[in-house]
Structures are given as C-alpha cells and as structure tokens.
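Trainee: I have a structure here, written as structure tokens, and I will follow up with some questions on it.
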Amino acid sequence: MADTDDDGKRPVEPPQGRAAGLPYDWRSPTAERIRARVWNAGDPRLWTPKTFGWGYNLNFYWVVHPIRYVRARRR
C-alpha cells in the first residue's frame with residue numbers, strides 16, 4: 001500500500017527529488033549513502049546529489065585522484 005497523508009486521500013510527497021533544478025533528499029543519511037555520494041570511484045560524477053539537504057556534494061575520490069578522473073571521463 002502506498003504512503004498517504006493523514007486523511008488517506010493524497011500520496012505523501014517523496015523526501016527526495018528536484019526543486020529549482022537542484023536535487024534534494026530529506027531522508028535520514030545512512031553510512032552507505034554518505035559513502036556512495038562523498039567517496040565513490042564507481043560514480044563518474046564529480047558533483048553528486050547531497051546526502052541530506054538541497055544541492056550537491058563533491059565526490060572527494062575524484063579530488064584526491066584527478067588523473068583517474070580525467071582518464072575515466074575520456075572513456
């Protein structure tokens with residue numbers, strides 16, 4: 001059954017999505033999600049959606065390994 005608001009008529013808005021062109025995520029951060037967005041060699045993006053809040057995080061793996069980033073972008 002889908003989540004609904006208190007009166008049971010409308011579905012509750014998801015705690016993640018996009019607003020004004022920027023991603024948001026209001027779910028409680030988990031260790032897995034933090035790791036996936038802040039230190040992830042498998043994600044080719046330098047800027048990833050925030051773990052909690054509105055906007056972007058920096059994928060620090062690519063900051064520490066800039067040569068690998070350039071090589072990954074060329075593939």
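Trainee: Can you pull out every residue in the range 40-58 that is farther than 15 Å from Pro23 by Cα and surrounded by 15 or more Cβ atoms within 10 Å (Cβ to Cβ)?
Mentor: Result: Asn40, single match.
Trainee: Right, here's the next one. List, please: which pairs have Cβ atoms under 8 Å, are six or more places apart or on different chains, and start with a residue in the range 4-30 that is surrounded by fewer than 10 Cβ atoms within 10 Å (Cβ to Cβ) and modelled with pLDDT of 70 or more and end with one that is of a type outside the set (D, E, K, R) and part of a loop (DSSP other than H, G, I, E, B)?
Mentor: As it stands, the answer is Ser28/Phe52, since those pairs meet every condition given.
Trainee: Which one of Tyr69, Tyr61 is of a type outside the set (A, V, I, L, M, F, W, C) and modelled with pLDDT of 95 or more?
Mentor: Tyr61 is the lone residue from the list that is of a type outside the set (A, V, I, L, M, F, W, C) and modelled with pLDDT of 95 or more.
The values are calculated or read from the model by the stated rules, or taken from the named source; none is laboratory data. Not measured: the values here are computed from a predicted model. All Cβ positions, glycine included, derive from the backbone under ideal geometry; neighbour counts span all protein chains shown.
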